1. Answer yes if at least one residue in the stretch 111-122 is within 30 Å of residue 149 (Cβ to Cβ), part of a loop (DSSP other than H, G, I, E, B) and touching a helix residue (DSSP H, G or I) at 6+ places or on another chain (Cβ under 6 Å), and no otherwise.
2. Among the listed residues 132, 122, 166, which satisfies the condition of being surrounded by fewer than 19 Cβ atoms within 10 Å (Cβ to Cβ), under 30 Å from residue 43 (Cα atoms) and in contact (Cβ under 8 Å) with a residue 24 or more places away in the chain?
3. Please state which one of 129, 66, 137 is assigned to a strand (DSSP E or B) and either over 30 Å from residue 151 (Cβ atoms) or in contact with a strand residue (DSSP E or B) (Cβ under 9 Å, 6 or more places away or on another chain) (or both).
4. Give me the pairs, please: first residue somewhere in the stretch 39-51 and surrounded by 13 or more Cβ atoms within 10 Å (Cβ to Cβ), second residue anywhere and of a type in the set (Lys, Arg), beta-carbon distance under 7 Å, and either six or more positions apart or on two chains.
5. Against the condition touching a residue at least 60 places away in the same chain (Cβ under 8 Å), crowded, with 16+ Cβ neighbours inside 10 Å and out of contact with any Leu (no Cβ under 8 Å at 6 or more places or on another chain), how does residue 100 come out, does it pass?
Amino acid sequence: MSLKRIMAGIGLVIGSALLLIILFTSWYTVDESEQALVLTFGEANETITESGLKFKLPWPIQQVEILSKETFSLQFGYEEENGEITSFPEETVMITGDEYIVLTDLVVQWKITEPKDYLFNAEDPRDVIYDATSASIRSIIGSSTIDDALTSGKAEIEAETRELLASLIEKYEIGVSVQAVQLQDVELPNDEVRQAFTAVTDAREGAITKKNEADKYRSQKVNEAEGEKDAIISRAEGERASRIEQARGDIAIFNEILTEYQNNPDITRKRLTLETLEQVLPGTKLYIMNDDGDTMKYLPLQPERQQQPAVTEESEESANGQ
């Protein structure tokens, strides 16, 4: 075999290899849940976020790093694998602002937002996130009270931890963003302390319950008193209006009587005298008499229906006498 043929064979093999390299390294695919970073001679110059079939210069000119768009979870203080949970209490021991010891576990949800920073600004971004999470939660727990950490202040602690962690991650420029921080367990280190704190908490809740009941009773009585006050005021206003209207009516009657009196003083005086006697002596029989020295004459003023019972009574007495 001549040297020329050997060189031709070697050239054919090299050409085929280069052709295969060009063929298999000039394209790549990006799924909807992925993003890609194109490297040209090892330098990042393009980020691909749209899914589909993409083309690039063959290796070794350009390379592609595929990264996920999904949300990752970082477990702080414990590890869950195949349904089994392993705790790391030495990592979760913290001191509250009022100098109590608590064990705090949490989960941090994060995602990659800048592939270039994620790949080149940190050797292991997950370790950076873990350390930043530890610093953030310890800082927030250290400025919180034991009551807030164990009871009603968990939501506020989560929000403050997320805010502090996000600011640290932004300063580190590792290409990730914090989506959420969720406290899993915040508990006291031993059973005796837990029981003592539970007793104190129960007593405090009992006091709050009693205070709420007292406030409710007070509000009820105040509302009843307000309602009674409004009713009294309403009745007084009604009585006032009634008295005013009655006084106006009396004034109108008096003015009519005054006019009649001014026109006929004698007749009006007698009529007023008789009306006054009827009011002062109700049911009394009135007679008008004319005593001129002869036989007394009188005129009964009562209607006949009022005299009838007396006649009937006399008739009954006569019948009984017989």
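1. Taking every residue of the stretch 111-122 in turn, none turns out to be within 30 Å of residue 149 (Cβ to Cβ), part of a loop (DSSP other than H, G, I, E, B) and touching a helix residue (DSSP H, G or I) at 6+ places or on another chain (Cβ under 6 Å).
2. Only one candidate qualifies: 122.
3. 66
4. Close Cβ pairs (under 7 Å, with a partner that is of a type in the set (Lys, Arg)) amount to 44/116; 47/116; 48/54.
5. no
Conditions tested, residue by residue: (1) farther than 20 Å from residue 93 by Cβ; (2) of a type in the set (Phe, Trp, Tyr); (3) outside the structural domain of residue 77 (by TED's automatic domain parsing).
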| residue | (1), (2), (3) |
| --- | --- |
| 125 | yes, no, no |
| 133 | no, no, no |
| 148 | no, no, no |
| 165 | no, no, no |
| 180 | yes, no, no |
| 196 | no, no, yes |
| 205 | yes, no, yes |
| 218 | yes, no, yes |
| 230 | yes, no, yes |
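The values are calculated or read from the model by the stated rules, or taken from the named source; none is laboratory data. Keep in mind it's a predicted model, so treat the numbers as computed, not measured. We place every Cβ from the backbone using ideal geometry, glycine too, and count neighbours over all the protein chains shown.
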